[in-house]
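Working notes, beginning with the structure itself.
The values are calculated or read from the model by the stated rules, or taken from the named source; none is laboratory data. Note that the structure is a prediction, hence the values are computed from the model and not measured. Please note: Cβ atoms are built from the backbone with ideal geometry, for glycine as well, and neighbour counts cover all protein chains shown. Side chains are part of the model used for accessible areas, which takes the heavy atoms of the whole protein and leaves out ligands, DNA and RNA. Shrake-Rupley method; radii C 1.70, N 1.55, O 1.52, S 1.80 Å.
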Amino acid sequence: MINLPLNVDYTGKVVVITGAGGLICGAMARAFAQSGAKVAALDLNLDAVKRLSQELCDEGFVCKGYEANVLDPQALEDVHKQIINDLGKCDILVNGAGGNNPRATTDNEYQHEAIEGKKSFFDLDPSGVDFVFKLNFQGTLLPTQTFAKDMVEKQKGCILNISSMNAYTPLTKIPAYSAAKAGISNFTQWLATHFAGTGIRCNAIAPGFLVSAQNRSLLFNEDGTPTARSAKILKGTPMDRYVDAGELLGATLFLCDDRSASAITGVVLPIDCGFSAYSGV
Ligand code: NAD
């Protein structure tokens with residue numbers, strides 16, 4: 001059980017979450033389930049969502065794990081049918097699957113610092129760039145095509161996308177991921193407008209830097225002090241700290257709730273300890 005930051009009743013709502021095997025969306029799945037929702041947890045990694053759903057069901061909540069590739073429309077349609085059968089039609093969709101790829105990342109921050117043998121901007125692998133754009137953009141568009149049909153039918157529903165603070169101003173080294181997330185912010189506004197007459201709202205959150213198992217060693221030395229990159233990140237963060245995954249849950253539960261956020265559509269909410277607001281001076 002987690003201590004929910006917001007008391008919102010999602011009883012009876014079917015919430016479909018992609019990327020639910022991961023850090024952020026696993027926490028969101030738990031928050032929705034604890035708030036009464038029937039959660040469909042989708043991920044490429046079936047073991048991860050099975051573990052999550054087992055844990056939540058053991059605690060008396062409703063959650064079912066499904067294997068689904070957000071880039072495969074047929075697989076999504078198949079899972080859609082199973083979800084309707086198991087839990088009902090989708091009320092809320094969280095497009096959480098996404099991420100970066102090392103093939104679309106440069107080793108140097110600036111061209112004038114490029115070093116022979118290290119990956120510069122000119123060495124970026126076009127297929128890696130494609131991978132990142134596809135995963136983040138199509139990986140949001142395709143599940144929306146699949147699951148928003150239920151919402152159009154109900155004339156009610158909510159979509160929550162996950163952008164990033166790098167959508168406002170790109171981060172060094174990760175041009176494709178930054179641009180793809182800028183695409184997500186833009187697409188959120190497009191969807192909000194497109195579906196406005198159907199009762200569907202669409203918003204996004206833009207998380208700042210989180211510490212995860214994968215990046216902990218890049219951010220902290222063994223003695224717990226910040227690495228050089230980490231010190232630079234914290235210097236650019238007015239609140240001088242990282243965001244905890246749990247701190248995304250209040251906004252998630254708020255934005256998806258029809259009573260609390262009935263007139264809110266097309267917003268991208270930064271949750272970044274002030275990172276995107278700060279010019280560095
Ligand atoms: P994560 O790597 O912990 O989780 C991502 C999950 O998506 C994984 O379980 C993975 O198996 C799944 N996935 C990957 N490709 C998939 C596919 N094709 N189909 C279905 N599932 C797939 O990442 P996270 O940190 O929890 O990130 C979740 C979202 O938040 C992503 O969109 C990410 O870009 C965004 N985000 C993360 C941070 C951060 O600092 N962690 C910051 C801003 C935005």
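Below is a table of values for the structure above.
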item: Residues ASN186 and CYS57, FRET efficiency given R0 of 25 Å [Cβ-Cβ distance, rounded to 0.05]; result: 0.10
item: Label-point gap, in nm, between THR227 and LEU6 - each point 7 angstrom along Cα→Cβ; result: 3.4
item: Summed residue charge, Cβ within 15 Å of PHE275's Cβ, Lys/Arg positive, Asp/Glu negative; result: +1
item: Surrounding net charge for PHE131, when Lys and Arg each add one and Asp and Glu each subtract one, Cβ distance under 14 Å; result: 0
item: Förster radius 30 Å - calculated FRET efficiency between SER279 and PHE122, Cβ distance, rounded to 0.05; result: 0.50
item: Restraint check, LYS64/LYS89; LYS13/LYS64; LYS173/LYS232; LYS81/LYS134, Cα-Cα greater than 21 Å; result: LYS81/LYS134
item: Simple label model, 7 Å out from Cα along Cβ direction - ALA263 to SER212, nm; result: 3.6
item: Environment charge of PRO170, counting only residues whose C-beta is closer than 12 Å and scoring Lys/Arg +1, Asp/Glu -1; result: +1
item: Heavy atoms of TYR278 accessible to a 1.4 Å probe, total area in Å² rounded to 10; result: 90
item: Accessible area (Å², per residue) of the chain, counting only protein heavy atoms and a probe of 1.4 Å; result: 48
item: Listed residues ARG103, ARG201, ARG51, ARG259 arranged by accessible area, highest first, probe 1.4 Å; result: ARG259, ARG51, ARG103, ARG201
item: Charged-residue dipole, Cβ positions (Lys, Arg, Asp, Glu), the chain about Cα centre, Debye nearest 20; result: 460
item: Among LEU142, SER262, ALA176 - extreme Cα towards positive end, dipole of the chain, charges at beta-carbon; result: SER262
item: Difference of contour (0.36 nm per residue) and Cα-Cα distance, PHE220 to ILE84; result: 44.5 nm
item: Computed magnitude of the charge dipole of the range 1-57 (debye, nearest 20; Cβ of K, R +1, Cβ of D, E -1); result: 60
item: With all protein chains modelled, accessible area of GLU247 [1.4 Å, Å²]; result: 80
item: Ranking by accessible area, most exposed first, for HIS112, HIS194 with a 1.4 Å probe; result: HIS112, HIS194
item: Antiparallel DSSP beta bridges within the chain, as percent of all bridges there, nearest 5; result: 5
